[in-house]
1. Looking only at helices (runs of 4 or more DSSP H) that fall completely inside the range 98-173, which ones have 3 or more residues that are closer than 24 Å to residue 10 by Cα and open to solvent by less than 90 Å² (accessible area, probe 1.4 Å)?
2. Which strands (runs of 3 or more DSSP E) sit wholly inside the range 1-84 and have at least 3 residues that are under 15 Å from the mean Cα position of the chain (by Cα) and more than 25 Å from residue 166 (Cβ to Cβ)?
3. Residue 83 passes all but one of (1) open to solvent by less than 30 Å² (accessible area, probe 1.4 Å); (2) out of contact with any Phe, Trp or Tyr (no Cβ under 6 Å at 6 or more places or on another chain); (3) within 21 Å of residue 34 (Cα to Cα); which number fails?
4. Quick one: residue 93 ticks every box in (1) touching a residue at least 40 places away in the same chain (Cβ under 8 Å); (2) under 17 Å from residue 21 (Cα atoms); (3) open to solvent by less than 30 Å² (accessible area, probe 1.4 Å) bar one, so which box is it?
Amino acid sequence: MSVSAEWLKRLIETELATIDHEATLAFIRARLVEPHIVMRDWDYGSPGQQYPCWTTFEDRSWDLALAHCNEGYGPQRPWGMVWIGESGRPTSMGMDTSWHPGFVAAFLDSVVATELPIWRVYRRNDDRAFAPITAPGEWKTAWESRDHLAEHPKDNRYYVLDTLRDPNQWLSS
């Protein structure tokens, strides 16, 4: 598979078409950049080893970019949130936990997504299904609600998750 700027734009648009939340779409689209290659250090190889990563999204207030790379963690997890590097942070590919199979999943797993009012508390029931128990809202408020609910030691099955994906599909066990 040959990666190009046009191919990446189509791929991102295909994923964005699955989001039914206008504020999130506007937020993401405002930060999309023309896809361009940045050589990034691969911390798990030979000293100086680098891979070409396509930067597609930038949020300069967080010094973070969303990149696509078929090397390193790809092709299974080709999308990752990486430092832009303007703050002096390393511009490597980082840890594997920051890399995902899709653009939207990488975005939602990043600190950048905490700016959106798409967070709610879910309870994981005995049948392992997730049930929403709060309305969508701000990240901090959702965590405060979760912490309050989890004060009882016997009942710590509360999670703060986004409202854009069904956790019963993407977190199934």
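The values are calculated or read from the model by the stated rules, or taken from the named source; none is laboratory data. Remember, it's a predicted structure, so these values are computed and weren't measured experimentally. So basically every Cβ, Gly included, is an ideal-geometry build from the backbone, and we count neighbours across all protein chains shown. What goes into the accessible areas is simple: the full protein's heavy atoms, side chains included, and nothing from ligands, DNA or RNA. Shrake-Rupley method; radii C 1.70, N 1.55, O 1.52, S 1.80 Å.
1. Per the criteria, 103-108.
2. 50-59, 64-68
3. Looking at each condition in turn, residue 83 falls short on (1).
4. (2)
Matching residues to (1) under 24 Å from residue 23 (Cβ atoms); (2) more than 22 Å from the chain's Cα centre (by Cα); (3) modelled with pLDDT of 90 or more; (4) polar (S, T, N, Q):
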| position | (1), (2), (3), (4) |
| --- | --- |
| 113 | yes, no, yes, no |
| 116 | yes, no, yes, no |
| 129 | no, yes, yes, no |
| 135 | yes, no, yes, no |
| 143 | yes, no, yes, no |
| 153 | no, yes, no, no |
| 156 | no, yes, no, yes |
| 170 | yes, no, no, no |
